[in-house]
Amino acid sequence: MSHNRFGKVLSVTTFGESHGPAIGCVIDGVPPGLPISAEEFEPDLTRRATGRSRHTSQRREADVVEILSGVYQGRTTGTALALLIRNVDARSKDYANIEAQFRPGHADYTYWQKYGIRDPNGGGRSSARETTMRVAAGVIAKKWLATHHSITVRGHLDQLGPLKPRQFEWSSVEDNPFFWPDASMVGELETYMDDLRKSGDSIGAGVTVVAEGVPTGWGEPIYGKLDAEIAAAMMSINAVKGVEIGAGFASITQHGTEHRDEMTPEGFLGNQAGGILGGISTGQTVRVRVAIKPTSSLRLPGRGIDANGAAVDIVTKGRHDPCVGIRATPIAEAMLALVLMDQALRHRAQCGDVGAVSPRIPAGIDLF
């Protein structure tokens with residue numbers, strides 16, 4: 001399979017299947033000298049992990065990172081950084097009945113048509129399990145961005161089915177299993193998810209991720225636009241079906257006088273553009289939103305076909321998320337961080353000698 005690699009100067013190649021012996025990644029282009037230890041991967045991997053609450057899949061993986069290469073005496077060497085995580089809680093028997101069937105809403109049919117063979121266990125490469133290594137790679141990118149540019153990348157769930165936050169506090173996001181910014185609504189979300197899980201159905205979600213402190217000038221027109229590469233990275237996440245930068249689709253109903261982010265010597269008066277103009281960062285907060293589809297692995301019967309083309313009723317057994325979007329925040333953070341680090345290194349390579357250019361407009365107001 002081609003295209004298991006993304007990025008240019010900083011590149012990440014992932015490998016492994018959901019129910020294989022291990023998953024892993026090779027990160028190339030990491031500058032030397034960055035302090036890193038295996039323990040530093042644990043917080044973000046735990047945030048992404050299944051089994052954190054009754055509202056996610058109950059598969060329980062230890063997600064212990066083994067650093068195989070690229071680190072010496074606690075610092076990156078500049079050579080290929082190889083990471084491995086062993087799968088310890090796979091239950092392939094749950095998928096025995098669908099080995100010759102194509103589940104609706106899954107990649108079973110398209111993988112079969114492309115390759116003539118597929119791994120049915122847990123979805124193989126199309127499983128959300130693959131995103132574990134993106135999060136691991138994102139730990140490196142987040143640390144490098146924070147160390148060299150004081151950039152903070154963070155995100156939150158901004159919609160769960162029909163529910164939206166009624167107020168917003170960043171301090172609430174990490175204090176509940178939903179990455180929800182409104183602490184007063186957590187009980188409501190718990191009830192909603194309990195009812196959904198009992199029904200056997202699933203629901204979609206929205207995630208917002210931001211990067212604060214991004215300097216001006218990152219991004220490469222015309223075909224290396226920062227927003228275009230962010231959109232491609234987000235769309236590569238399993239179950240993501242839409243991406244918005246800044247005002248996104250709200251731009252459709254806006255007038256130009258409302259959408260344009262006017263500038264003053266004191267700063268921008270808005271951020272409808274999401275911190276990117278002409279594919280290049282403005283120095284404002286980079287703001288991205290993704291739409292995540294409902295999980296298609298359901299215990300409720302659904303119509304499908306088998307490998308002989310016959311109609312079948314399909315029931316998916318195993319452990320699945322009633323809302324995969326609940327665990328998507330750290331994944332979206334990782335992809336944004338990886339794109340930004342790659343763009344930073346590319347900018348340094350071509351334009352590192354440009355230096356400061358006047359005038360520099362302060363970030364100003366982050367409203368849209």
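Got at least one residue in segment 291-305 being among the aliphatic types (A, V, I, L, M), modelled with pLDDT of 85 or more and out of contact with any strand residue (DSSP E or B) (no Cβ under 9 Å at 6 or more places or on another chain)? Within segment 291-305, none of the residues are among the aliphatic types (A, V, I, L, M), modelled with pLDDT of 85 or more and out of contact with any strand residue (DSSP E or B) (no Cβ under 9 Å at 6 or more places or on another chain). Among the residues of segment 6-38, the one identified as among the charged types (D, E, K, R) and farther than 15 Å from M341 by Cβ is E17.
Can you tell me which residue within segment 100-110, out of those that are of a type outside the set (A, V, I, L, M) and over 25 Å from G24 (Cα atoms), is surrounded by the most Cβ atoms within 10 Å (Cβ to Cβ)? The extreme case among them is F102. Screening E262 against (1) crowded, with 17+ Cβ neighbours inside 10 Å; (2) out of contact with any strand residue (DSSP E or B) (no Cβ under 7 Å at 6 or more places or on another chain); (3) within 26 Å of G224 (Cα to Cα); (4) among the charged types (D, E, K, R) leaves a single unmet condition, (1). Scanning segment 13-33 for residues that are buried (at least 19 other Cβ atoms within 10 Å of the Cβ) and closer than 22 Å to L145 by Cα yields a count of 5.
The set of residues in segment 86-103 that are in a loop (DSSP other than H, G, I, E, B), out of contact with any helix residue (DSSP H, G or I) (no Cβ under 9 Å at 6 or more places or on another chain) and at pLDDT 85 or above contains only V88. Being assigned to a strand (DSSP E or B) and touching a residue at least 24 places away in the same chain (Cβ under 8 Å) is not true of L145. Scanning segment 191-230 for residues that are touching a Cys at 6+ places or on another chain (Cβ under 9 Å) and assigned to a loop (DSSP other than H, G, I, E, B) yields S202, I203, G204, G217.
For residues in segment 165-203 being more than 24 Å from T46 (Cβ to Cβ) and among the small types (G, A, S), which is farthest from the chain's Cα centre (by Cα)? This residue is S199. The set of residues in segment 317-354 being farther than 16 Å from M234 by Cα and not in a helix (DSSP H, G or I) consists of K317, G318, R319, H320, D321, P322, C323, G352, D353, V354. Name every residue in segment 231-259 that is part of a helix (DSSP H, G or I) and exposed (fewer than 13 other Cβ atoms within 10 Å of the Cβ), in order of residue number. Of everything in segment 231-259, those that are part of a helix (DSSP H, G or I) and exposed (fewer than 13 other Cβ atoms within 10 Å of the Cβ) turn out to be F249, I252, T253, G256, T257. Filtered by the rule that a residue be surrounded by fewer than 24 Cβ atoms within 10 Å (Cβ to Cβ) and in contact with a helix residue (DSSP H, G or I) (Cβ under 9 Å, 6 or more places away or on another chain), segment 111-126 gives Y111, I117, R118, D119, P120, N121, G124, R125, S126.
Quick grid of which residues meet (1) more than 23 Å from A356 (Cα to Cα); (2) among the polar types (S, T, N, Q); (3) at pLDDT 95 or above:
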residue: P215; (1), (2), (3): no, no, yes
residue: I230; (1), (2), (3): yes, no, yes
residue: N238; (1), (2), (3): yes, yes, no
residue: T257; (1), (2), (3): yes, yes, yes
residue: G283; (1), (2), (3): no, no, yes
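I'd like to know if segment 45-53 contains one or more residues that are free of Cβ contacts under 8 Å to residues at least 24 places away in the same chain, exposed (fewer than 14 other Cβ atoms within 10 Å of the Cβ), assigned to a helix (DSSP H, G or I) and under 17 Å from the mean Cα position of the chain (by Cα). Yes. If you go through segment 287-311 and keep only what is in a loop (DSSP other than H, G, I, E, B) and over 30 Å from T329 (Cα atoms), you end up with A307, N308, G309, A310.
Please find, within segment 1-55, the residue that is modelled with the highest pLDDT out of those that are more than 30 Å from A349 (Cα to Cα) and hydroxyl-bearing (S, T, Y). Residue satisfying both the conditions and the ranking: T46.
The values are calculated or read from the model by the stated rules, or taken from the named source; none is laboratory data. Please read all numbers here as calculations on a predicted model, not as lab measurements. No Cβ is skipped: glycine too gets one built from the backbone with ideal geometry, and neighbour counts run over all protein chains shown.
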